[in-house]
Amino acid sequence: MTDVRHDATDLIGAPVELSVVIPMFNEEEALPALVARLRPVLDGTGETYEVVAVDDGSADRTAGQLEDLRAVWPQLRVVRLARNSGHQAALTAGLHHARGRYAASLDADLQDPPEKIPEMLALARSRRLDIVYGVRVNRATDTGFKRRTAGAYYWLVRRLVGSHVPAQAGDFRLLSRNVLDALRALPDQPQVYRLLVPWFGFPSGEVAYHRDARVAGDTKYPLRKMVLLAVDSVIGFSVAPLRLATWLGSLAFLVCLAVITYTLAVYAAGATTPGWTSLIIAVLFVGAVQLICLGVLGEYLGRVYTAVQQRPTYYVAEDTGTAAAPMAGIAWPGPRRGRDSTLDSLGGPAGP
Ligand code: UDP
Ligand code: MG
């Protein structure tokens, strides 16, 4: 299979020092504020840079706004995905297309302050680091629910995946060309970057930042997507749930042994009762454990199936930074996420 990701010959423009990758999904409200804050910071660094805005199948005026902005901001490059593929897939597309010596990724809603990017770059250069994480020192502006679910998420992944995963580091980080090349060399699979990037083990540092409130618009991460990210994180990096199935099965077996002993004892004493309640409980319990185990196996099997299909996790409809025709990348979603994809969104309204 020809891997278009590694073919850089169709790229126009020279490599730049810094790429800033921003996944965007229906961010028409946040985009003007983002540009107003980001551009002075990047212009002020004196570095050659490009901004890779990944339009993740937005159905609002994001695409039109980006098109208008390109006319006045030459460093802005738009990678438009054919449909909504999810935050991590959009990030994948952006990182694969970034041609900087370093690439910073941040959210479009200004929760990650762009002013920290020069600091990250300076730290990476001075200490020869390949990764600089943006680590949140407070989440005061998040809702209580978001704080608690995020706390539970980091607790769980650090327990299952390892304590090398920095707590409270989201997708605001700077990566060197080494890491970007390593990412591009990975097989076509859904990625959870906040776990994958630490897993590489490249030298890394941290920059602390205050997480601001979303500047405008609503969150694009409803509970359903948060749960999917958590499931992907756990299943993608740990076999612990498979072991959980074994433990549950063993526990059920022990309980069954105890019940059998009790039943035989009661039988021997000649005091057998109809035993309807205990029978139902035993049947339900064993049935539930079996279903849990099947479900766990199904989660892994589903991912193996998706990986075997080798279907791209994203498809680039347009890249304003290349002279060539649209090209395929690799991309998730797998079967489940495909459901919320909207090819219709391509026909969304044009820009202002
Ligand atoms: N995003 C995306 N595709 C999606 C969902 C979100 O590209 O399907 C982008 C979104 O535009 C934003 C970033 O991912 O730039 C993080 O999303 P959001 O700020 O809504 O998440 P939250 O901060 O509420 O967890
Ligand atoms: Mg946000």
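Counting only protein heavy atoms and a 1.4 Å probe, tell me what percentage of the chain's accessible area is made up of carbon and sulfur.
The computed percentage sits at 63.
Indicate, rounded to the nearest 5 percent, the antiparallel portion of the DSSP beta bridges found entirely in the chain.
35
Can you give me the pair-distance distribution of the chain, C-alpha pairs, 10 Å bins, whole percents?
In order of increasing distance, the bins hold 5, 22, 30, 21, 9, 6, 4, 2, 1, 0 percent.
For the stretch 103-246, what is the largest minus smallest coordinate of the Cα atoms on each principal axis, given in angstrom and ordered from greatest to least?
Largest first, the stretch 103-246 extends 48, 35, 25 Å along its Cα principal axes.
Show me, for the stretch 210-227, the HN-Hα J-couplings you get by feeding each phi into the Karplus relation (A = 6.51, B = -1.76, C = 1.60, θ = phi - 60°), rounded to Hz, glycine and proline as x.
So the Karplus estimates, Gly and Pro as x, are 8, 7, 7, 6, 4, 5, 6, x, 9, 4, 9, 10, x, 3, 4, 5, 5, 5 Hz.
So what is the relative contact order for the chain, in percent, with contacts set as C-alpha pairs under 8 Å and at least six apart?
Averaging sequence separation for qualifying contacts and normalising by length gives 27 percent for the chain.
How big is the equivalent ellipsoid of the stretch 235-274 along its three axes, where each semi-axis is √(5λ) from the Cα gyration tensor, reported in whole Å from largest to smallest?
37, 7, 3
Rg and Dmax of the stretch 210-251, Cα atoms, in Å?
Spelled out, the Cα radius of gyration and Dmax of the stretch 210-251 are 16.5, 51 Å.
Compute the normalised compactness of the stretch 18-144: alpha-carbon radius of gyration over 2.2 N^0.38 Å, N being the residue count.
1.04
Summing -39500 (n - 2.57) over the DSSP H runs of n ≥ 4 in the chain and dividing by its residue number, what mean residue ellipticity at 222 nm do you reach, to the nearest 500 deg cm²/dmol?
Working: 11 runs with 164 residues, N = 352.
It lands at -15000 deg cm²/dmol.
Rounded if a/c is under 1.5, else prolate if a/b is larger than b/c, else oblate: which is the stretch 32-93, with a ≥ b ≥ c the root eigenvalues of its Cα gyration tensor?
Judged from the Cα gyration tensor, the stretch 32-93 comes out prolate (a/c at least 1.5, a/b above b/c).
Taking the Cα centre as origin and putting +1 on Lys and Arg beta-carbons and -1 on Asp and Glu beta-carbons, what dipole magnitude results for the chain, to the nearest 20 debye?
1160
From the phi of every residue in the stretch 111-122, what ³J(HN,Hα) in whole Hz does the Karplus formula 6.51 cos²θ - 1.76 cosθ + 1.60 yield, where θ is phi - 60° and glycine or proline is x?
Once θ is set to phi - 60°, the couplings for the stretch 111-122 become 6, 9, x, x, 4, 7, 4, x, 5, 4, 5, 5 Hz.
Through the Karplus equation 6.51 cos²θ - 1.76 cosθ + 1.60, θ set to phi - 60°, convert the phi angles of the stretch 231-246 into ³J(HN,Hα) values in whole Hz; use x for Gly and Pro.
Working through the residues one at a time gives 5, 4, 4, 6, 5, x, 10, 8, 9, 3, x, 5, 5, 4, 4, 5 Hz.
Taking the chain as a Gaussian network, Cα atoms linked when under 10 Å apart, which of 100, 287, 201 shows the biggest mean-square fluctuation?
Per the Cα network of the chain with a 10 Å cutoff, 287 tops the list.
Accessible area per residue, 1.4 Å probe, Å², for the chain: what's the number?
49
Picking from 79, 239, 51, whose Cα lies most toward the positive end of the charge dipole for the chain (charges on Cβ: Lys, Arg +1; Asp, Glu -1)?
Of the listed residues, the answer is 239.
For the charge dipole of the chain, defined by +1 on Lys and Arg C-beta atoms and -1 on Asp and Glu C-beta atoms about the Cα centroid, which residue among 154, 301, 282 has the Cα displaced farthest towards the positive pole?
So the residue furthest toward the plus end is 282.
The values are calculated or read from the model by the stated rules, or taken from the named source; none is laboratory data. Bear in mind the structure is a predicted one, so any value in this text is a computation, not a measurement. Glycine also receives a Cβ, built like all others from the backbone with ideal geometry; neighbour counts cover every protein chain displayed. Note: accessible area is taken over every heavy atom of the protein model, side chains too, but ligands, DNA and RNA are not part of it. Shrake-Rupley method; radii C 1.70, N 1.55, O 1.52, S 1.80 Å.
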